[in-house]
Amino acid sequence: MNSTGAVAAAVVPAAGRGERLGPGAPKALRELGGAPLLVHAVRALARSRAIGLVVVVAPPDGVAEVLGLLDSHGLDGMDVRVVAGGATRQESVRLGLAAVPAQTGIVLVHDAARPLVPVEVVDAVVAAVRDGADAVVPAVPLADTVKRVEPRPAGEPEPVLDTPDRATLRAVQTPQGFRRELLDAVHAKALAEESAATKDAPAPVTDDAGLVERYGGRVVVVPGHEEAFKVTRPLDLVLAEAVLARRRASDGF
């Protein structure tokens with residue numbers, strides 16, 4: 001193992017508003033069990049001995065607030081840096097990546113809205129990159145049958161086009177892990193393409209593994225965990241509270 005890959009860094013984009021959770025603070029700053037989702041997400045990453053640095057990407061006007069929150073929740077002993085984010089998730093990840101030291105060979109990108117990811121998932125992602133993978137995503141099998149439809153305006157019936165084989169589908173989670181040089185390269189390509197955008201520009205991707213798929217590199221999947229779900233809607237927050245309460249009752253989490 002080379003020294004650049006020995007300790008990984010993690011980038012946590014937390015600059016989004018998260019309107020689906022309803023009005024109020026940005027999603028990453030909503031409380032779960034007495035602490036913001038962001039604090040839980042940073043703690044989850046810091047539990048892994050493979051993570052040496054966490055870079056939090058805050059709303060452009062909220063850097064001081066996020067720094068204060070992290071300090072007030074006992075994270076001052078960890079190597080956590082806060083930088084200002086951009087207008088899109090992709091831009092925010094790029095800004096966070098720029099704050100990671102150049103000698104760091106492995107970088108994870110983790111959603112602040114996945115506050116309960118178990119440490120074994122973080123460790124598995126890092127291990128897979130160390131073992132030679134370009135890009136790694138944790139994922140779980142789908143429980144529901146999936147239909148591909150022809151989109152219609154909200155409320156209108158949508159014609160079904162086909163039913164993909166569920167056995168070949170996975171629901172992707174984070175943290176996603178990457179060789180640093182590859183993540184730098186695909187973000188640079190995405191930025192160049194964005195600058196030269198035309199009406200025929202490809203649709204935006206929704207995660208960093210999608211950039212690797214688009215611009216070059218092999219993505220592999222490792223087992224995710226049912227508790228690494230994303231808190232997007234009010235019901236997700238209720239479920240997260242229940243999971244956190246069970247953990248605290250069983251092992252003093």
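The values are calculated or read from the model by the stated rules, or taken from the named source; none is laboratory data. Source: prediction; values computed, not measured. Counting neighbours? That spans all protein chains shown, and the Cβs are built from the backbone with ideal geometry, glycine included. We work out accessible area using only protein heavy atoms, side chains counted, and drop any ligands, DNA or RNA first. Shrake-Rupley method; radii C 1.70, N 1.55, O 1.52, S 1.80 Å.
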*Karplus (6.51, -1.76, 1.60) ³J(HN,Hα), θ = phi - 60°, over segment 29-41, in Hz, Gly and Pro reported as x*: 9, 5, 7, 9, x, x, 9, x, 3, 4, 4, 4, 5
*Taking amide H positions as placed 1.01 Å from N in the peptide plane, with prolines and chain starts having none, which residues 5 or more places from V56, or on another chain, fall under 5 Å of its amide H?*
V12, R81, V82, V83
*Among A124, A113, Q173, which residue has its Cα positioned farthest towards the positive end of the charge dipole of the chain, with +1 placed on the Cβ of Lys and Arg, -1 on the Cβ of Asp and Glu, and the dipole taken about the Cα centre?*
A124
*Ignoring ligands, DNA and RNA, what percent of the 1.4 Å accessible area of the chain is carbon and sulfur?*
54 percent
*For the chain, what relative contact order do you get, as a whole percent, if you take Cα pairs closer than 8 Å and at least 6 residues apart?*
23 percent
*Size of electric dipole in segment 89-247: Cβ of Lys, Arg +1 and of Asp, Glu -1, about Cα centre, debye, nearest 20*: 160 debye
_If you count only protein heavy atoms with a 1.4 Å probe, what accessible area per residue comes out for the chain, rounded to a whole Å²?_
50 Å²
*In debye, nearest 20, what is the charge dipole magnitude of segment 160-253 about its Cα centre with +1 on Lys and Arg Cβ and -1 on Asp and Glu Cβ, if you could check?*
200 debye
*Lys/Arg +1, Asp/Glu -1 at C-beta; segment 178-253 dipole; positive extreme among A185, A196, L237*: L237
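Students sometimes get this wrong: rank D162, D144 by accessible area, probe 1.4 Å, all chains present, largest first. Working shown, then result.
On the way: D162 60, D144 115 Å².
Accessible-area ranking of D162, D144, largest first: D144, D162.
Kindly identify segment 86-235 as rounded, prolate or oblate by the Cα gyration tensor criterion: order the square roots of the eigenvalues as a ≥ b ≥ c, call it rounded if a/c is under 1.5, otherwise compare a/b with b/c, prolate if a/b is larger, else oblate. Provide the component values of the computation, followed by the final result.
Values: a/c = 1.77, a/b = 1.22, b/c = 1.44.
Since a/c reaches 1.5 but b/c is at least a/b, the shape of segment 86-235 is classed as oblate.
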